[in-house]
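Chemist: Provided herewith is a single structure, encoded as structure tokens, for subsequent inquiry.
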Amino acid sequence: MPVQPVAFVTSPGGRAAVVGGGVRVVAPAEEAVAVAAELERGAAERPVRFVWWAAATDAHLLVAHGIPVSRCWDVAEAHRLLRGGWEATPQQAWAVAHGLDPAGVPEARRGDLFDFDAADDGPAPGSVVRPDGHLAAEAGTAQWAPDDEALVAWALAALECARLQQERLAEVGDRAVGAAHSESAAALLCVELARDGLPLDRATAESLIAAAAGPRPADEDEARRTRARRDAAVLRHVPGRESTDLRNPAQVKELLAAVGVDVPNTRKGVLEPYRGTHAVVEALLEWRKAERIATTYGYGWLDAHVGPDDRLRGTWTACDGAAGRMTAQNGLHNLPTELRPAVAAHPGHVLVRADLGQIEPRVLAVVSGDRAFADATRADDLYAPVASRLGVERSVAKVAVLAAMYGQRSGAAGEALKGLERAYPVAMSFLDEAYAAGVRRRPLRTFGGRLLRLDEVLVGAPPQDAAGWDAARGRFARNAVIQGSAAELFKAWAATVRATTRDLGARIVLCLHDELLVHVPEEHAAEAVARVERALTDSARRWAQPSAVRFVADTSVVRRWSEAKG
């Protein structure tokens, strides 16, 4: 049975329109949600796909009311696939879908002397399309006040835009429409993630912060004294330099040089090899961890972002505007490892943690079509058969594969790469072609069809630095085409997990690069694990077809995130 597209769009005035599938309703939000819920309940007999301009603006009503939307089309996410980058207003998406010049997208009136847009350039009453074919600039903005007829027109425009996007994505390739479906589902998941939050044990979080940054200060004077004690633990190793400001990189670099540690900068990765050179290096690295928790993930962070229900919340996005990875705010994507013990299942629940294994090299095997490299993915540990084929240690093989994808060609990695080029010429040629496209600023597309606008990456280099920037752009392209494709598979997997575990009372609470955390009632833990693993098999088969590449995940049941291996 064909899937019926149904638009669900909202207006700033608290009204929503449901249009499609034999329904045309404009009503206050509560009533419109009830209509949409009835359509979703009947989807088994009459399947529907909800269409909206962007989940963040239109789907939040359905998410807030707990409507488990099964299928959706997000115009903004489809536009990001087609056009690349981050900007995806309805006006831009409409222009691209209709083949209009995006540069001609009208700007909304500002209500001041610099408004030059004549009134007769706007749409006719009850319409949202201007005479020049563009969408009205005010449509969908916070200042827009549509009547019922205009809100229906807004819904019909979303349906038309989605239809044209599907046609254009089909022209990109067979996988692009499927990618739009999973990207849309990921955008909806982002709204749900923001609603549900990440479960946190507040008492444990407080104790971990106290261990790293000291007890909660009563006032700013006490906070200053705590900072001074933290600094003193470092500066005691360098008598005579107690006045050094450890928060000033230039002063820290000078301090290190005074004890014989000459480094180009004071980043953690640069300092790590010098841990045994002088005691101050070890102390400084420990100070950095404590300082990060104190300043970024301290008591203020806990108070601001963890709700009374002990959930850490922040805004999520399905696409970072570059290669297409999911992102989150308020520490959800870069929580220090030291605080992971505080991420804990609530009573009666557990966390199912699943982490994709060696995903980027496995994705390389798919997107390059290298059959020999695909054979290596049949092993649980891909690097073992690669090492055997190259006649090197596993550690060397791993360095070589990662270097190939990240563009490192010097040292031991460079020697190992020569072996890779002989053993897996198809995969290596694919990466070399991506590099060449980056140097020449030619656009690329990921496996699922996302446009990578390399003409917009690292632009504006001074003429004397152009060659270096071109090389950096090539390295970016080399990795982005793999990383972006891996992000597509991850989101397809997450969307499948979302759909197939909901009846268990399970909720995805974290999507971290290649890792999922699912909060599930304890009695359903074993079934949730089975479904998470089955979801990977099913989504990978759909995404990678006709490739025989095998994807694996390390899945475990834990009560605290820190209990998971890896």
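Chemist: For segment 522-551, give me each residue that is in contact with a helix residue (DSSP H, G or I) (Cβ under 7 Å, 6 or more places away or on another chain) and either aliphatic (A, V, I, L, M) or more than 13 Å from LEU489 (Cα to Cα) (or both).
Modeler: Matches in segment 522-551: HIS524, GLU527, ALA528, ARG531, VAL532, ALA535, LEU536, ALA540, ALA544, SER547, ALA548, VAL549.
Chemist: For residues that are in contact (Cβ under 8 Å) with a residue 24 or more places away in the chain and surrounded by fewer than 18 Cβ atoms within 10 Å (Cβ to Cβ), scanning just segment 545-557, find the one that is farthest from ASP201 (Cα to Cα).
Modeler: Filtering segment 545-557 down to residues in contact (Cβ under 8 Å) with a residue 24 or more places away in the chain leaves 547-557.
With surrounded by fewer than 18 Cβ atoms within 10 Å (Cβ to Cβ) added as a condition, the list becomes 548, 554, 556.
Numbers: ALA548: 42, ASP554: 24, SER556: 20 Å.
Step by step, filter segment 545-557, then rank; the result is ALA548.
Chemist: Take the residues of segment 293-323 that are part of a strand (DSSP E or B) and not hydroxyl-bearing (Ser, Thr, Tyr): which is farthest from ARG202 (Cα to Cα)? Show your work before the answer.
Modeler: Applying the first criterion (part of a strand (DSSP E or B)) to segment 293-323 yields 306, 311-312, 316-317.
Add one more test, that the residue is not hydroxyl-bearing (Ser, Thr, Tyr), and what stays is 306, 311-312, 316.
Details: VAL306: 8, ARG311: 9, LEU312: 10, TRP316: 22 Å.
Looking at the filtered set, the residue picked out is TRP316.
Chemist: I'd like the residue in segment 321-365 that is among the β-branched types (Val, Ile, Thr) and over 24 Å from LEU82 (Cα atoms) and, out of all such residues, is surrounded by the most Cβ atoms within 10 Å (Cβ to Cβ).
Modeler: Restricting attention to segment 321-365, the residues satisfying the condition of being among the β-branched types (Val, Ile, Thr) are 327, 337, 343, 350, 352, 359, 363.
Remaining after also requiring over 24 Å from LEU82 (Cα atoms): 337, 343, 350, 352, 359.
Values: THR337: 9, VAL343: 25, VAL350: 23, VAL352: 30, ILE359: 23.
Filtering segment 321-365 for residues that are among the β-branched types (Val, Ile, Thr) and over 24 Å from LEU82 (Cα atoms), the one surrounded by the most Cβ atoms within 10 Å (Cβ to Cβ) comes out as VAL352.
Chemist: Would you check which residues across segment 217-247 are within 38 Å of the chain's Cα centre (by Cα), surrounded by fewer than 16 Cβ atoms within 10 Å (Cβ to Cβ) and in a loop (DSSP other than H, G, I, E, B) and list them?
Modeler: ALA218, ASP219, ASP245, ARG247
Chemist: Could you give every pair whose Cβ atoms fall below 7 Å, whose first residue belongs to segment 419-438 and is under 19 Å from LEU454 (Cβ atoms), and whose second residue is polar (S, T, N, Q), counting only separations of at least 6 or pairs across chains?
Modeler: PHE430/SER368
Chemist: Among the numbered criteria (1) assigned to a loop (DSSP other than H, G, I, E, B); (2) under 24 Å from ARG502 (Cα atoms), which one does ALA34 miss?
Modeler: The single condition ALA34 does not satisfy is (1).
Chemist: Follow-up question, since we're still on this one. Consider only pairs whose beta carbons are under 8 Å apart and that are at least six residues apart or on different chains; among these, list those whose first residue lies in segment 267-281 and is without any contact (Cβ under 8 Å) to a residue 40 or more places away in the chain and whose second residue is of a type in the set (Lys, Arg) and assigned to a loop (DSSP other than H, G, I, E, B).
Modeler: VAL281/ARG275
Chemist: Now for a different question. Would you mind stating whether GLY269 is out of contact with any Ser or Thr (no Cβ under 7 Å at 6 or more places or on another chain), surrounded by fewer than 11 Cβ atoms within 10 Å (Cβ to Cβ) and closer than 20 Å to PRO336 by Cβ?
Modeler: Numbers: out of contact with any Ser or Thr (no Cβ under 7 Å at 6 or more places or on another chain): yes; surrounded by fewer than 11 Cβ atoms within 10 Å (Cβ to Cβ): yes; closer than 20 Å to PRO336 by Cβ: yes.
Yes.
Chemist: Do any strands (runs of 3 or more DSSP E) entirely within segment 505-566 hold 1 or more residues that are polar (S, T, N, Q), and if so, which?
Modeler: Working: elements: 507-512, 515-521, 552-558.
Ranges flagged: 552-558.
Chemist: Quick check on my filter: what residues within segment 348-363 are assigned to a helix (DSSP H, G or I) and not basic (Lys, Arg)? Write out each step before concluding.
Modeler: From segment 348-363, those assigned to a helix (DSSP H, G or I) are 359-363; that's our starting set.
Listed by number, the residues that qualify are ILE359, GLU360, PRO361, VAL363.
Chemist: Okay, moving on. Output the residue which, of all residues in segment 434-472 that are under 17 Å from CYS319 (Cα atoms), touching a helix residue (DSSP H, G or I) at 6+ places or on another chain (Cβ under 6 Å) and at pLDDT below 90, is surrounded by the most Cβ atoms within 10 Å (Cβ to Cβ).
Modeler: LEU454
Chemist: Look at ALA179 and say whether it is assigned to a helix (DSSP H, G or I) and either in contact with a Pro (Cβ under 7 Å, 6 or more places away or on another chain) or free of Cβ contacts under 8 Å to residues at least 12 places away in the same chain (or both). If you could, list the steps in order and put the result at the bottom.
Modeler: On the way: assigned to a helix (DSSP H, G or I): yes; either in contact with a Pro (Cβ under 7 Å, 6 or more places away or on another chain) or free of Cβ contacts under 8 Å to residues at least 12 places away in the same chain (or both): no.
Here the answer is no, as ALA179 does not meet what is asked.
Chemist: Among the residues of segment 80-90, is any crowded, with 19+ Cβ neighbours inside 10 Å, assigned to a loop (DSSP other than H, G, I, E, B), among the polar types (S, T, N, Q) and at pLDDT 90 or above?
Modeler: yes
Chemist: Please count how many residues of segment 542-566 are under 26 Å from ALA379 (Cβ atoms) and within 22 Å of the chain's Cα centre (by Cα).
Modeler: Qualifying residue count, segment 542-566: 10.
The values are calculated or read from the model by the stated rules, or taken from the named source; none is laboratory data. Quick caveat, the model's predicted, so the values are computed rather than measured. Glycine also receives a Cβ, built like all others from the backbone with ideal geometry; neighbour counts cover every protein chain displayed.
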